[in-house]
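The values are calculated or read from the model by the stated rules, or taken from the named source; none is laboratory data. Being a predicted model, the structure only gives us computed values, none of them experimental. With ideal geometry, Cβ positions are generated from the backbone for all residues, glycine too; neighbour counts draw on all protein chains shown.
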Amino acid sequence: MRVGVPKEIKALEFRVAVTPGVAAQLVAEGHEVFVETGAGAGVGLGDDAYKAVGATVLPDAAAVFAAAGMIVKVKEPQASEIALLRPDHLLFTYLHLAADPDQAAGLMASGATCIAYETVTDARGRLPLLAPMSQVAGRMAVDVGAAHLLRPAGGRGLLLGGVPGVAPAKVVVLGGGVAGKHAAQMALGHRAEVSLFDISAARLEELDDQFQGAVRTVFSTPDAVLEAVVEADLVIGAVLIPGAKAPWLVRREHLAQMKPGAVLVDVAIDQGGCFETSRPTTHDEPAYVVDGVIHYCVANMPGAAPLTSTYALGAATAPYVLKLAALGAERAMAADPGLAAGLNVAGGRIVHPAAAASLPQLAA
């Protein structure tokens, strides 16, 4: 297999999809690896590190796409990259199609076979390629939320953990999955008062055991969420329906009932966001205000911690990259139903059921 690794071009995205260590494994197994010059610069990996393990460094993305049969990325392809895709290409990356009809249409038109990290499952139905970035995003959500609660950022002027004699901030986490669990864990570490919502009673029981009652667990209903959000200082949205658009849990009319200077951090923004007033932002302009409430909706949060994120993601994706390179997409997916669950676009169609249901306008 000829494996291509282009440089990420999403705004302020510094991760790289394949490290020299993984490139070395690919080369050792007889594959060719083509890396765009500067692809690893954001994490301190120079071109020489890739050359040293047998990879070929090419001058631009066009050369990488032309040389390779499989393209491995971190973030969804941008318009200029979609234009480089061919029907014989295998694309392996995060896609998040449900919230991005333009990208979905472009991938369909390309004819490429596109496997999305975020819908690959393991033998237990978990999302092994989404989990590491959900961990990073969940933990980051508390840090960025705490920073935006401070007065210079326009927040309430509140220290997340309070001090002796002064109450801590009230943090509400919507969603008890990987991101929500890690957000609650970090908020608790800051000594905040934490409430965590989920629609699964079994998951709430599990989390209650894990946190030994230190986090208030609540079965999620619209009334319960609204009651908590109105009293909250920081709300972290971490809901996920694999492959589908995130549901809105906080509506525009709810903002007027919230505390001025309260903060919403939407970890679900890649899947469309779980607050009605959410819209994707970037690390250079991460936040905006609606009705006195600060919204932080950066669509590639882990990209701000590229060293941590690159190696965490690479460790998770490497076995799949090696399997796809060795067997090709068809045989690899036939051998691994969990990998097959990652197939989102093939033959000019959206084939993942949840993504297709979220984009009825593109249905064949």
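What number goes with the only condition from (1) over 21 Å from V3 (Cα atoms); (2) assigned by TED's automatic domain parsing to the domain that holds G347; (3) touching a residue at least 40 places away in the same chain (Cβ under 8 Å) that F92 does not pass?
In the conditions (1) over 21 Å from V3 (Cα atoms); (2) assigned by TED's automatic domain parsing to the domain that holds G347; (3) touching a residue at least 40 places away in the same chain (Cβ under 8 Å), F92 misses (1) alone.
Being farther than 23 Å from F14 by Cα and acidic (D, E) narrows it down to one of D100, D88, so name that one. Full working, then the answer.
On the way: D100 fails: farther than 23 Å from F14 by Cα.
The unique qualifying residue is D88.
Residue pairs, Cβ under 7 Å, 6 or more apart or interchain, first in the stretch 58-77 and more than 24 Å from L97 (Cβ to Cβ) and assigned by TED's automatic domain parsing to the domain that holds A326, second acidic (D, E) and crowded, with 24+ Cβ neighbours inside 10 Å. List them.
Final answer for the pair search is L58/E36; D60/E36.
Can G161 be described as assigned to a loop (DSSP other than H, G, I, E, B), modelled with pLDDT under 95 and surrounded by fewer than 23 Cβ atoms within 10 Å (Cβ to Cβ)? Show your work before the answer.
Details: assigned to a loop (DSSP other than H, G, I, E, B): yes; modelled with pLDDT under 95: no; surrounded by fewer than 23 Cβ atoms within 10 Å (Cβ to Cβ): yes.
For G161, the condition - assigned to a loop (DSSP other than H, G, I, E, B), modelled with pLDDT under 95 and surrounded by fewer than 23 Cβ atoms within 10 Å (Cβ to Cβ) - is not met.
Go through the stretch 7-59 residue by residue and tally those that are of a type in the set (G, A, S) and in contact with a Lys or Arg (Cβ under 7 Å, 6 or more places away or on another chain).
4
The conditions are (1) more than 25 Å from T119 (Cα to Cα); (2) under 23 Å from the mean Cα position of the chain (by Cα), and D208 fails exactly one of them. Which is it?
The single condition D208 does not satisfy is (2).
Which one of A214, A202 is outside any helix (DSSP H, G or I), surrounded by fewer than 23 Cβ atoms within 10 Å (Cβ to Cβ) and not hydroxyl-bearing (S, T, Y)?
Numbers: A202 fails: outside any helix (DSSP H, G or I).
Step by step, each of A214, A202 is checked, and only A214 is outside any helix (DSSP H, G or I), surrounded by fewer than 23 Cβ atoms within 10 Å (Cβ to Cβ) and not hydroxyl-bearing (S, T, Y).
If you scan the stretch 323-356, which residues turn out to be among the charged types (D, E, K, R) and under 26 Å from V33 (Cβ atoms)? It would help to see each step written out before you state the result.
Step one: list which residues in the stretch 323-356 are among the charged types (D, E, K, R), which gives 323, 330-331, 336, 349.
The answer is K323, E330, R331, D336.
Give the residue that is nearest to P77 (Cα to Cα), with candidates limited to residues of the stretch 315-364 that are buried (at least 20 other Cβ atoms within 10 Å of the Cβ), touching a residue at least 60 places away in the same chain (Cβ under 8 Å) and not aliphatic (A, V, I, L, M).
N344
Can you list the strands (runs of 3 or more DSSP E) lying wholly within the stretch 1-114 that have 1 or more residues being within 30 Å of G243 (Cβ to Cβ)? Before the answer, list the steps.
Numbers: elements: 2-5, 32-36, 56-58, 70-72, 90-93.
Correct list: 2-5, 32-36, 70-72, 90-93.
Quick check on my filter: what residues within the stretch 222-267 are at positive phi and in contact with a helix residue (DSSP H, G or I) (Cβ under 6 Å, 6 or more places away or on another chain)?
Narrowing the stretch 222-267 to residues at positive phi: 243, 261.
Of everything in the stretch 222-267, just one residue is at positive phi and in contact with a helix residue (DSSP H, G or I) (Cβ under 6 Å, 6 or more places away or on another chain), namely G243.
Working only within the stretch 26-57, note down all residues that are under 26 Å from the mean Cα position of the chain (by Cα), in contact (Cβ under 8 Å) with a residue 60 or more places away in the chain and within 20 Å of A326 (Cα to Cα).
L26, the sole residue that qualifies.
Within the bounds of the stretch 285-302, is there any residue that is out of contact with any Asp or Glu (no Cβ under 7 Å at 6 or more places or on another chain), more than 22 Å from G154 (Cα to Cα) and either surrounded by fewer than 18 Cβ atoms within 10 Å (Cβ to Cβ) or at pLDDT 95 or above (or both)?
Yes, that holds for at least one residue.
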